[in-house]
Every structure is written in structure tokens, then in C-alpha cells.
Amino acid sequence: MTRISVKVDGTTYQDEVEPRLLLIHYLRDRLGLTGTPIGCDTSNCGACTVDLDGVSVKSCSVLAVQADGGEVTTVQGLARDGEWTELQKAFHEKHGLQCGYCTPGMLMAARDLLRENPHPSSDEVRHALEGNLCRCTGYQNIVRAVMAASGQEVTT
């Protein structure tokens with residue numbers, strides 16, 4: 001067992017974990033943060049995307065011990081005091097989700113993009129979301145939502 005200390009959604013946790021424990025399983029099974037889904041367990045779908053020290057990562061490909069001393073933000077940590085972020089509001093208003101399974105990963109990847117590039121083109125949005133698969137929406141409304149959150153509108 002390895003002792004870790006990690007800040008998740010603003011709360012610091014200190015735990016003993018097996019060195020092979022994946023971050024996704026630590027978040028869901030140990031901390032009860034089930035908003036981040038397990039999608040494929042192969043890092044192909046992006047549903048499990050979280051922010052680790054300011055960078056979007058697929059939590060099924062990161063060990064919990066790699067987050068030791070770090071800060072993780074999950075989709076559950078985006079809203080503050082019950083208030084959605086502009087990005088979350090845009091996903092809702094622009095119908096950027098259907099079944100919702102990919103939505104946590106899409107939100108986290110889009111958040112990372114908007115932090116780096118506050119006014120991306122629709123092509124840049126598509127490129128930034130390439131590692132996140134959606135089986136329902138066809139992506140257009142997701143792109144519209146990200147563009148709206150950046151203060152831009154896409155009409156096509």
C-alpha cells in the first residue's frame with residue numbers, strides 16, 4: 001500500500017492505496033464521486049476525463065499514486081455553490097447532450113480548451129474534443145455549446 005494525499009474538488013484526502021489502483025477507481029470507489037463515468041477502460045472514449053493539476057487527463061490511464069500531492073477537478077467540482085459554469089449552462093441550452101454518458105468528459109476537455117484558448121474556432125473545438133467519443137449527438141450541438149460558452153455563436 002502507498003499513502004497518498006490528493007485534493008479533489010477542493011477537499012484534501014489522505015488514503016492508503018494499492019500502487020496499481022487507477023485514478024478513476026479511486027474517485028468512484030473510494031471517494032464516491034460517481035459523476036465521472038467509466039467508459040471503456042482503455043483511454044479511447046474520454047468519458048472519464050478529469051483535470052489533474054490543470055491538465056485534462058483520462059483517469060482510466062492514470063494511477064491514483066500519480067495524483068499524489070496534486071489537485072483533481074471532476075465534473076462534480078465544476079459548479080460552485082450550486083451554480084453551473086457558463087460551459088455547463090451552454091451544454092444545457094444548446095442541447096449538447098443526449099444520453100449524458102460522454103458529457104462529463106466533454107465538459108472537462110472543453111474546459112481545458114477554453115482555458116488555453118478562450119475564443120476557439122469551431123475547427124479548434126472539434127480538434128480539442130477528438131479524444132472524446134459521443135455515440136448520440138453527432139457532435140454539432142456539443143460544438144455549438146462550447147462556442148456559445150466562449151461567447152461565439154455557430155449557426156450551421
Yes/no for ALA110 being outside any loop (DSSP other than H, G, I, E, B) and under 26 Å from THR12 (Cα atoms): yes
Those residues of the range 94-115 which are polar (S, T, N, Q) and buried (at least 19 other Cβ atoms within 10 Å of the Cβ), in sequence order: THR103
Enumeration of residues in the range 57-79 that are surrounded by 22 or more Cβ atoms within 10 Å (Cβ to Cβ) and more than 15 Å from LEU22 (Cβ to Cβ): VAL75
Complete set of residues in the range 55-69 that are modelled with pLDDT under 95 and in contact with a strand residue (DSSP E or B) (Cβ under 9 Å, 6 or more places away or on another chain): SER56
Enumeration of residues in the range 34-72 that are closer than 18 Å to TYR13 by Cα and within 8 Å of the chain's Cα centre (by Cα): THR36, VAL50, ASP51
Hits in the range 5-44 - residues which are at negative phi, among the small types (Gly, Ala, Ser) and loosely packed, with under 14 Cβ neighbours inside 10 Å: SER5
Candidates ASP51, ASP9, filtered to the one that is in contact with a Leu (Cβ under 8 Å, 6 or more places away or on another chain) and under 18 Å from GLY77 (Cβ atoms): ASP9
Subset of the range 116-148 [open to solvent by 30 Å² or more (accessible area, probe 1.4 Å), in contact (Cβ under 8 Å) with a residue 40 or more places away in the chain and in a helix (DSSP H, G or I)]: ASN141, ARG144
Candidate set: the range 80-93, residues that are part of a loop (DSSP other than H, G, I, E, B) and at pLDDT 95 or above; chosen: the one most open to solvent (accessible area, probe 1.4 Å): TRP84
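The values are calculated or read from the model by the stated rules, or taken from the named source; none is laboratory data. Model, not experiment: these values are computed from the prediction. Cβ coordinates were reconstructed from backbone atoms using ideal geometry, including for glycine residues, and neighbour counts include every protein chain displayed. The accessibility values were calculated without ligands, DNA or RNA, using every heavy atom of the protein model including side chains. Shrake-Rupley method; radii C 1.70, N 1.55, O 1.52, S 1.80 Å.
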